[in-house]
Amino acid sequence: MVILQACSLRSLQAPGSNRETSLKAAAEKLGLSIGVAVDATQLSKNSRYARIVREEFSSIVPENASKLDALLPKDSTYSFDQTDAIVAFARENKLSVHGHTLVWHRQIPNWISAKKRSSQEASKLLRNHISTVMSRYAKDIGSWDVLNEAVAARGGLHKSYWLESIGSSYIPNVFRWARNANSTAKLYYNENDIGISSRVGSKNESNSSHNYRRLVNKSEATYRLLKKLLANGVPLDGIGLQMHIRPRYTPSLEQLKLTLKRFASLGLDIRISELDVSLDIPVTEEKLLLQAEIYSEVFEACLSEPRCKSINIWGLSDAHSWVPVVFKNLDKATIFAADLQKKPAYFSILKTLNEWCQKHAADSPRCAN
Ligand code: XIL
């Protein structure tokens, strides 16, 4: 994957001439939106958190606030407070909002998942949900993860309450219901572990290893699913590649570029939707520098693909990241430290953005102006 070059934090931080000083300004010049997953309570109670979101990012994604269990915690009465607060913050600060996520096999409230429903009943529930939420935020949320993680690791469909109740027709149907609810919103399919779609040089892992084959299979299965949906006229505008990665399991720059090109060839827009780079504990300065290079490579891959429109970091800082909560031996996955100081990854991304047109003026449509 990434070879650690002799780069130091000081060289990453070195100021250049005519350089933008925020991620947002540097990315916008290249036609790239940069976003972050946020929490409503932090936005309202933590002024430093809110300031960084406002100054460094052009877009926000509710990390948990718009999932089914947050919106419908107890019964069919909606609890919109947190999503409302996130949308209000975005409006005040002229940020865009990407909605996450209307349909998923996880974070379904118990009152829904514990009850067996006929295909008709489950379809009605899901259709109403999609329509209620998309209509309420029609003015404020211009793009949605309609369906999240429907493909299983081995390539079939992921087990889910919706698959069991409705059958596989739930997949095209949720996109049709979403289009009916809002005719202009951009509709995304979002998936994890699909960054490697082809057998090209992986430096850290043999191309024949079990894990490598599994990743290729999953990416290919996702590609085939989306191709079929599009061939059947299902309304779908884009694909989100989550990219929760670790140094050992990171696609090479070449692999990632090919994967993005492959999905773009379907006529889809691309989001890197949930980027974070987890490190094995204990975290050292060397690992933080390697992490910085990996972040930069993901940005380079996206910048190389004209249809890659947006990159989103999953959590503002290491104190607000899901990684140490969920994975016992992993930590420090974001670009701001727990005390909200900028990490090497932050500086390395800024440098990559600022230097893009110096290096690619001749071959990148992003540098046309
Ligand atoms: C995670 C959140 O970050 C956690 O706070 C929560 O406990 C579980 O979900 N893929 C997704 C995201 O699509 O919604 C998940 O977010 C991370 C994996």
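Determine the per residue accessible area of the chain with all protein chains present and a 1.4 angstrom probe, expressed in square angstrom.
44 Å²
Could you give me the radius of gyration and the Dmax of the stretch 19-58, taking only the C-alpha atoms into account and expressing both in angstrom?
According to the Cα coordinates of the stretch 19-58, Rg and Dmax are 11.2, 33 Å.
Assuming a viscosity of 1.567 mPa s and a temperature of 4 °C, what translational diffusion coefficient in µm² per second does Stokes-Einstein assign to the stretch 24-98, Rh being the Kirkwood radius over Cα pairs?
So the translational diffusion coefficient is about 100 µm²/s.
How large is log10 I(q)/I(0) at q = 0.12, 0.18, 0.20 Å⁻¹ when the Debye formula is applied to the Cα atoms of the stretch 239-312, each weighted equally and without solvent?
Those come out to -0.32, -0.66, -0.79, one per q.
What number, in nm² with one decimal, is the all-direction average of the projected area of the convex hull of the alpha-carbon atoms of the stretch 134-264?
Approximately 8.7 nm², given one-decimal rounding.
Using the basic label-point model (7 angstrom from Cα toward the beta carbon), what is the Ala361 to Leu157 distance in nanometres?
Between Ala361 and Leu157, the simple spin-label model gives 5.3 nm.
Where the eigenvalues come from the Cα gyration tensor of the chain, what are the semi-axes √(5λ) of the equivalent ellipsoid, largest first, in whole Å?
32, 24, 20
Carbon and sulfur atoms: what percent of the 1.4 Å accessible area of the chain do they account for?
Looking at the chain in its full context, I get 49 percent from C and S.
Nearest 500 deg cm²/dmol is fine: what mean residue ellipticity at 222 nm does the chain get from its DSSP H runs of n ≥ 4 alone, each adding -39,500 (n - 2.57), divided by its residue count?
Helix-only estimate at 222 nm: -13000 deg cm²/dmol.
Quick check: pseudo-label points 7 Å beyond the Cα along Cα→Cβ at Asn329 and Glu164, how many nm apart are they?
3.2 nm
Which value in Å does the Kirkwood hydrodynamic radius of the stretch 258-369 take, with 1/r averaged over all unlike C-alpha pairs and then inverted?
15.0 Å
The values are calculated or read from the model by the stated rules, or taken from the named source; none is laboratory data. In this text the structure is predicted, and so the values were computed from the model without any measurement. Using ideal geometry, Cβ is built from the backbone for each residue, glycine included, and neighbour counts are taken over all protein chains shown. The area values use the complete protein model at the heavy-atom level, side chains included, leaving out ligands, DNA and RNA. Shrake-Rupley method; radii C 1.70, N 1.55, O 1.52, S 1.80 Å.
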